[in-house]
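Shown next, in structure tokens, is the structure this report addresses.
The values are calculated or read from the model by the stated rules, or taken from the named source; none is laboratory data. In this text the structure is predicted, and so the values were computed from the model without any measurement. Methodologically, a virtual Cβ is constructed for each residue, glycine included, from the backbone with ideal geometry; neighbour enumeration extends over all protein chains shown. Protein only, heavy atoms only, side chains kept; ligands, DNA and RNA dropped before computing areas. Shrake-Rupley method; radii C 1.70, N 1.55, O 1.52, S 1.80 Å.
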Amino acid sequence: MREQELIVYRNFEDGDLFFDMAWLMAHYSESKPEREPAALFYDCIHRLIELAGNYGFHGNLWHCYLANLLVNNENSYSCGCEIRGQIEGTVNEAALHDIAIFKEFYDYDFRKMCETLQAPEYALTEHYKVNSRESKVYNARICARICELAEKFCGDQTAEEMKATLTEFYREYGVGKFGLHKCFRVAHDETGVHVEPIPNIAHVALEDLVGYEIPKKKLTDNTDAFVAGRKANNCLLFGDAGTGKSSCIKAIANEYYEKGLRIIEIYKHQFQDLNAVIGQIKKRNYKFIIYMDDLSFEDFETEYKYLKAVIEGGLEKKPENVLIYATSNRRHLIRENYGDREEIRQDMHTGDTVQEKLSLVYRFGVTIYFGAPDKKQFQGIVKALAERDGIKLSEEELLSEANKWELSHGGLSGRTARQFVDYISSVTIEKSKRH
């Protein structure tokens, strides 16, 4: 086998199984190999089945494994093709050379190896049925796409066809962690700053958020412009608690994933890592929203200065594929005191103090207000959610119970309405079981 001849597709994150299989293909029939082939082969079978458990793969697990290596390998060819599709240049010849090698591995017939090593159990991995447990690495949709890609490769007769199938996958979904996942978090350890995928996020859709049509329209207009490559602004979603600000961000993550939008969540104690994060994403073909939930600062907190510099004010221009979206219960983000506006105080330049505290919010070009609903709006949200969930109660009984609920559960808000409907839904289901 020619695994050492790979040019572009190298440095696989989970490549040990690939190279162990390559060694077996070359040495399993030797009389005195340097390793014990049968033991290694059974270890490879074990790893393929563990792969299915962790990733949720099914069907031919060897094919799924190879497809997973190809869609996760970030190199000059795959990164050039992500979101854009076929690229020009000599790198296409190098990529085709490597795909031809991968096709040899893909088409390898294991029957003779199984006979020689007396390992018929390998057949378990060729038509594997996965259990119902969720993938620990991918959400169900991503897992299905990789399994589908593995099946498509079976229909490709030549390396050119296999390369075209893979390139189309890169164009449609991207490559590596940024291609396969919607949302990310930031981690910092002794090796540096890492952007790590969040495998499963809430499947919230914008239409699930009842009411707030004007704020949602303002948010989607700005996001539409951003993903289309037009001028767009940083966004601040502010207002009362429980009004759907954070849910809107989750919704746009789901809504715009297919258009190349990715969300990176970061907390204020991580703001010093912002430049490192931007350095990792600024040359990718995706659009990134750096998301800050429940953003606010006390007088003694100075992390906002990092954020000011990144948004606008540092020497380096913020990349065009990056925007900042934040949610907050505070309109001005930083706590202000009456003393900040007094004419006589220890600080001689009172106006400067006020401007310093307002300078952060001024860097958000779009500010969107989410206010608590009034009684009538709250009841409208309850009725819409109850109808969507199929709750069979009279309107009078439903609203009566909703009014009792909101008095003892945080007042009028979309969150309270959602919690009430979830509660009443479980109660009605339990009652129907008893009868």
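Give segment 391-424 a look and list any residue that's in contact (Cβ under 8 Å) with a residue 12 or more places away in the chain, assigned to a loop (DSSP other than H, G, I, E, B) and open to solvent by less than 80 Å² (accessible area, probe 1.4 Å), or say none.
Within segment 391-424, Ile391, Leu393, Gly410, Gly411, Leu412, Ser413 qualify.
Tally up the residues in segment 252-300 that are open to solvent by less than 60 Å² (accessible area, probe 1.4 Å), at pLDDT below 90, in a loop (DSSP other than H, G, I, E, B) and over 23 Å from Tyr369 (Cβ atoms), please.
0
Tell me, yes or no, whether segment 31-52 has at least one residue that is open to solvent by less than 20 Å² (accessible area, probe 1.4 Å) and touching a Lys or Arg at 6+ places or on another chain (Cβ under 8 Å).
no
So, in segment 181-209, how many residues would count as being in a strand (DSSP E or B) and not basic (Lys, Arg)?
13
Can you tell me which residue in segment 217-251 is farthest from the chain's Cα centre (by Cα), limited to those that are among the small types (Gly, Ala, Ser), part of a helix (DSSP H, G or I) and more than 19 Å from Phe364 (Cβ to Cβ)?
Of everything passing the filter in segment 217-251, Ser247 is farthest from the chain's Cα centre (by Cα).
Can you pull out the helices (runs of 4 or more DSSP H) entirely within segment 63-131 that have at least 2 residues that are touching a helix residue (DSSP H, G or I) at 6+ places or on another chain (Cβ under 7 Å) and closer than 15 Å to Lys163 by Cβ?
Helices (runs of 4 or more DSSP H) meeting the threshold: 76-81, 91-106.
Collect the residues in segment 10-30 that are assigned to a helix (DSSP H, G or I) and either without any contact (Cβ under 8 Å) to a residue 40 or more places away in the chain or open to solvent by 100 Å² or more (accessible area, probe 1.4 Å) (or both), keeping them in residue-number order.
Asp16, Phe19, Asp20, Trp23, Ala26, His27, listed by residue number.
Quick one: count up the residues across segment 73-100 that are open to solvent by 20 Å² or more (accessible area, probe 1.4 Å) and aromatic (Phe, Trp, Tyr).
0
Can you tell me which residue among Asp43, Asp20 is over 17 Å from Lys177 (Cα atoms), in contact with a Cys (Cβ under 7 Å, 6 or more places away or on another chain) and not aliphatic (A, V, I, L, M)?
When all the criteria are applied, what remains is Asp20.
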